[in-house]
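To start, the structure itself, in structure tokens.
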Amino acid sequence: MSQTTDPSPLLLAGHRAVREGRLAEGRRLFEQVLRADPRHGEALYTLGFLAFQTGDLKVAHELLLRTVQVRERDPLAHTTLAVVLRELNDPGGERAALTDALSIDPYYMPALLSLGAWQERNGYPRAAADTYRNALKIAPDDQRWPPELRDHLAHARTVTERNAAALHAHLEQATEAARARHQGADFERAHETMSILAGRSRPYVHEPIMLHVPRLPAIPFYPRADFPFLAGLEAQTDAIRAELLAGLRDLEGFAPYVQYPPGVPVNQWAELNYSDKWSSLFLWQDGLPVAENHKRFPKTAAALAALPMANLEGFCPTAMFSALKPGARIPPHTGETNARLIVHLPLVIPPNCSYRVGYEWRRWVEGECLVFDDSIEHEARNDSDQMRIVLIFDIWNPYLTLAERDVVSTALNAARGYYAAG
């Protein structure tokens, strides 16, 4: 094409005119391009879109039909044609256009959302929920939703959650007779299975940020009875609590648990970074005793020293008092390794405090240890108007053999030494 017939300047001028609200001028420029090249896809699409915006559905339909003949592999053109067909009350044509768009790109978000809306309008609410769920799977985080799709994505989430709740209720009812046939059985895992099947929750697996030991079971909360040595600690709850409260004055010695230096991404920790909303006082830190705090809390230190705490040189044991202020929340996160488990001894637990590991929410009970795998996503809430304090320490994962503990500890320190050497 020669320089004089190059449509680029006309296209640029046309788009500029449209952006600046000079629609008649923009239309005239695109029509000029089209007269020179009746199969110019960009000019056809833009004129069709402008016709739709101004309510001329017949012209928009004609131009967009021509567009998809020229731009057969453009999912946007097919999706825009579907929108026009929706306004023309042609559900069959609209569905066909959306099918064409998704056959080109099965992950094209506008077409997926439009298909969900079509299914809703045409009496297929459950299919719509399934389509919306697929769209949400590939959508970015809420904060990065495209502005033009935000309302539709929010609606998709509402429909998906409503359908998940209905399906979950249906599954619970459908299995009621089966559960009745096994009176006294533990159905916690079955309940979580149905929640996952219904889409109300996701499978929770190990996601440690430092060391992952494969082939260990992903158990959120471990049965307290599996750790009989904890009974001796629980029996000292009153003494430990009294020692803590007697040795404290306005949480003296406690420091913010989250302390990311400047320049490091804080992600979900922005609200808690260097905040006393969640603070701690260490008795062991990175495998070493904190002598000053052993002197301040000798009964607690002695009780912990009598336990088989995890021993990963340079990392464990870790033991601390953890204080969560009224109204504070610890966001969903995962711990360092599944080679160890975490134990909470609840000391000061006001009402309305709760804790989630994976699918399961629990409430702390003073003097009753909770044992859980913190490499599974977990979070905590203090919805009371009082301070919550627990004693936290780590123990070995019982599925790790003595030989594996030795190798894992050695490997972890070897990796640290490798990077320390530059």
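Details
- Within the shell defined by Cβ-Cβ distances under 15 Å, the residues around Asp374 carry a net charge of -4, with Lys and Arg each +1 and Asp and Glu each -1.
- Where labels lie 7 Å past Cα in the beta-carbon direction, separation of Leu197 and Val407 in nm: 3.8
- Between 0 and 90 degrees, the angle of helix 109-121 with respect to the longest Cα principal axis of the chain falls at about 80 degrees.
- Gain on full extension, evaluated as 0.36 nm per residue between Glu313 and Gln268 minus their Cα-Cα distance, stands at 13.3 nm.
- Paramagnetic label zone (point 7 Å from Cα along Cα-to-C-beta, Ala225; backbone N under 15 Å) in the range 357-396: none
- Between the range 60-87 and the range 139-196, the alpha-carbon center distance in angstrom: 36
- In degrees, nearest ten, helix 237-246 long axis to first principal axis of the chain (Cα): 80
- FRET efficiency, Asp142 to Ala218 (Cβ-Cβ, R0 25 Å, nearest 0.05): 0.40
- With respect to the chain, whose longest principal axis is taken over its alpha-carbon atoms, helix 75-87 is tilted by about 70°.
- Here's the picture: charge each Lys and Arg Cβ at +1 and each Asp and Glu Cβ at -1 in the chain, and of Gly14, Leu251, Leu136 the one pushed furthest to the positive end of that dipole is Gly14.
- Once the C-beta distance of Ala190 and Tyr107 is scaled by a Förster radius of 25 Å, the resulting FRET efficiency is 0.15 to the nearest 0.05.
- The range 392-411-the range 249-307 distance, computed between alpha-carbon centres (Å): 23
- Projecting the Cα positions of Leu307, Gly55, Ser201 onto the charge dipole of the chain (unit charges on Cβ atoms of Lys, Arg, Asp and Glu, taken about the Cα centre) puts Gly55 furthest along the positive direction.
- Residue-averaged 222 nm ellipticity for the chain, from DSSP H runs of 4+ at -39500 (n - 2.57), nearest 500: -14500 deg cm²/dmol
- Net charge in the neighbourhood of Arg202 (other residues with Cβ under 12 Å of its Cβ; Lys, Arg +1, Asp, Glu -1) is 0.
- Given charges at beta-carbon only (K, R positive; D, E negative), |dipole| of the range 289-422 in Debye: 380
- Partner lysines for Lys325 [C-alpha distance under 29 Å; skip if fewer than 8 residues away on the same chain]: Lys277, Lys295, Lys299
Readers should treat all values here as calculations from the given coordinates under stated rules, not as data from a laboratory. On a predicted model such as this, the values are computed, not experimentally measured, just so you know. Here the Cβ is made from the backbone with ideal geometry for all residues, glycine too, and neighbour counts use every protein chain on show.
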